[in-house]
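Here's the structure, in structure tokens; my notes come after.
Every read-out reported here was derived from the displayed coordinates using simple, explicitly stated rules and does not represent laboratory data. Here the structure is a predicted model, which is why all the values come from computation and not from measurement. Here the Cβ positions follow ideal geometry from the backbone for every residue, glycine too, while neighbour counts run over all protein chains shown.
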Amino acid sequence: AQKITQTQPGMFVQEKEAVTLDCTYDTSDPSYGLFWYKQPSSGEMIFLIYQGSYDQQNATEGRYSLNFQKARKSANLVISASQLGDSAMYFCAMREPAPGTARQLTFGSGTQLTVLP
Amino acid sequence: EAGVTQFPSHSVIEKGQTVTLRCDPISGHDNLYWYRRVMGKEIKFLLHFVKESKQDESGMPNNRFLAERTGGTYSTLKVQPAELEDSGVYFCASSHLANYGYTFGSGTRLTVV
């Protein structure tokens with residue numbers, strides 16, 4: 001079963017508008033972390049935002065915010081005031097507990113965002 | 001600080017040949033991960049090093065893949081012999097033992113023809 005689901009293969013948004021990228025996840029563990037990464041055409045994976053399962057408030061980082069709805073198991077990324085440079089592939093990922101030290105991430109299939117001038 | 005460095009950035013090889021990918025993590029990061037994205041599918045975990053030891057190699061697809069991390073510094077991922085289905089982008093990431101932030105490299109795009 002898919003652990004991370006991103007249902008939007010592609011999204012378009014007008015410059016300066018806000019856009020929401022969907023992400024739902026599946027885990028039975030109460031302790032987990034959710035990440036969003038951006039991959040521009042240059043290829044590097046850029047960390048955007050993190051939400052821990054026990055965090056009381058939704059994470060925010062500048063123009064990025066995470067709409068965390070724990071009961072619905074969703075962790076949507078909201079980008080406010082879109083810029084042309086936001087055009088990229090966006091990946092949602094989850095880290096679940098595992099024995100040992102820092103854990104691996106499970107990724108969704110990604111959403112290709114295109115910002116229109 | 002320097003980021004995670006991967007090279008080559010691109011590699012095109014023929015089926016049956018050998019390719020070695022290299023990853024230099026951020027200095028001081030004990031944890032090093034390899035991931036790959038094949039044919040536009042999800043990014044999949046391959047393996048995890050803690051220093052020079054393999055912590056988890058459950059994602060390695062088969063014994064044609066060999067990863068090493070000599071001395072707990074840089075890591076190599078060798079594919080021998082390469083098959084067509086190995087084509088994709090191979091990412092490396094590192095993190096410090098004490099926190100859970102991951103830094104990814106720019107990836108190596110491998111094309112097997």
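Annotations for the structure displayed:
- Calculated from the alpha-carbon coordinates, region B:1-66 shows an Rg and a Dmax of 13.1, 38 Å respectively.
- Across region B:11-16, computed HN-Hα scalar couplings (Karplus, 6.51 cos²θ - 1.76 cosθ + 1.60, θ = phi - 60°) run 8, 10, 9, 8, 3, x Hz from first to last residue, x flagging Gly and Pro.
- Lys, Arg +1 and Asp, Glu -1 on Cβ, resulting dipole of chain B about Cα centre, debye, nearest 20: 160 debye
- Only the Cβ atoms of Lys and Arg (+1) and of Asp and Glu (-1) were treated as charged; on that basis the dipole of chain A about its Cα centre amounts to roughly 180 debye.
- Distance histogram for chain B (every C-alpha pair counted, 10 angstrom bins, percent rounded to whole numbers): 16, 51, 29, 5, 0
- Cα point-scatterer Debye curve for chain A, base-10 log of I(q)/I(0) at q = 0.22 Å⁻¹: -1.27
- Mean projected area in nm² (Cα convex hull; one quarter of hull surface) for region B:69-109: 3.9 nm²
- For region B:29-79, size of Cβ-based charge dipole, Lys and Arg +1, Asp and Glu -1, in debye: 260 debye
- For A:Tyr90, the residues whose modelled amide H falls within less than 5 Å of its own, excluding neighbours fewer than 5 places apart on the same chain, are A:Gln39, A:Thr111, A:Gln112, A:Leu113.
- With the largest listed first and rounded to whole Å, the semi-axes of the equivalent ellipsoid of the protein assembly as shown from the Cα gyration tensor are 29, 21, 16.
- Contact order relative to length of region A:1-51, as percent, for alpha carbon pairs under 8 angstrom and 6 or more apart: 29 percent
- Translational diffusion of region A:22-77, µm² s⁻¹ [Kirkwood Rh, Cα pairs; Stokes-Einstein; 4 °C; 1.567 mPa s]: 108 µm²/s
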